Structures are given as structure tokens and as C-alpha cells.
Amino acid sequence: MQKRGVHLLSGVSYEKIDKLGLHVTVEGAKEVLDVDSVVICAGQVSVRPFESHWEGRPVHVIGGADEAGELDAVRAIRQGFEIATQI
């Protein structure tokens, strides 16, 4: 994915998505990332907090955020990979 310019971040607090981009806090510093796509891998409760905020752009919800159940990292990683190859 790095060859395709994908940047992976961990230890990040996600604040919001708006016209300016993805608002995050990284190591205590607030940043706004100019992003084309965002893949959120979090939690085991079906949560879709960003669908109404993405202003007409496609949102792909995967893994436990899409269908909460038992922990299934393999399914989530596969879904993330499949979506990434389509973007």
C-alpha cells in the first residue's frame, strides 16, 4: 500500500471530517489532513458516525464497525484490502 501512497497512522485521535479534511490529534498536536479516502478500523459495536458528514462522497464501513460480532481481524483486513483496491 505504501507504493500507492497510502499512509497508515496509529495512536491518533480522530476529531471530525469536513470540507477542510480529516481533523486529528497526533501526539498532542492537532492537524488537518488533506485526504482522498479514510479507512476507520475501530471497535466491536456497529458504528457509522461519519456517513452523514462526508458530504456525498462514498463511505465504506468495514469489520466490526459494519457488523459487530466476534473479533474477526481477518475479515476486517480482507474487507479493508478489497475496498483499498477499489479506491
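Hey, can you grab everything whose amide H is under 5 Å from the amide H of Glu15? Only 5+ residues off in sequence or another chain; H modelled, so Pro and N-termini drop out.
His23, Val24, Thr25
Just grab the label-to-label distance for Ala29 and Ser13, each label 7 Å out from Cα along the Cβ direction, in nm (one decimal).
In this crude spin-label approximation the distance works out to 1.6 nm.
Say each of Lys3 and Leu20 gets a label point 7 Å from the Cα, pointing the same way as Cα to Cβ; how far apart are those two points in nm?
Taking the simple label geometry, Lys3 and Leu20 are separated by 3.6 nm.
For the pair Val38/Asp66, report the inter-label distance in nm, with labels modelled 7 Å from Cα in the Cβ direction.
About 1.8 nm, to one decimal.
Computed from the coordinates by the stated procedures, all read-outs in this text should not be read as laboratory data. Given the structure is predicted, the values throughout are model-derived calculations rather than measurements. Cβ: placed from backbone, ideal geometry, glycine included. Neighbour counts: every protein chain shown.
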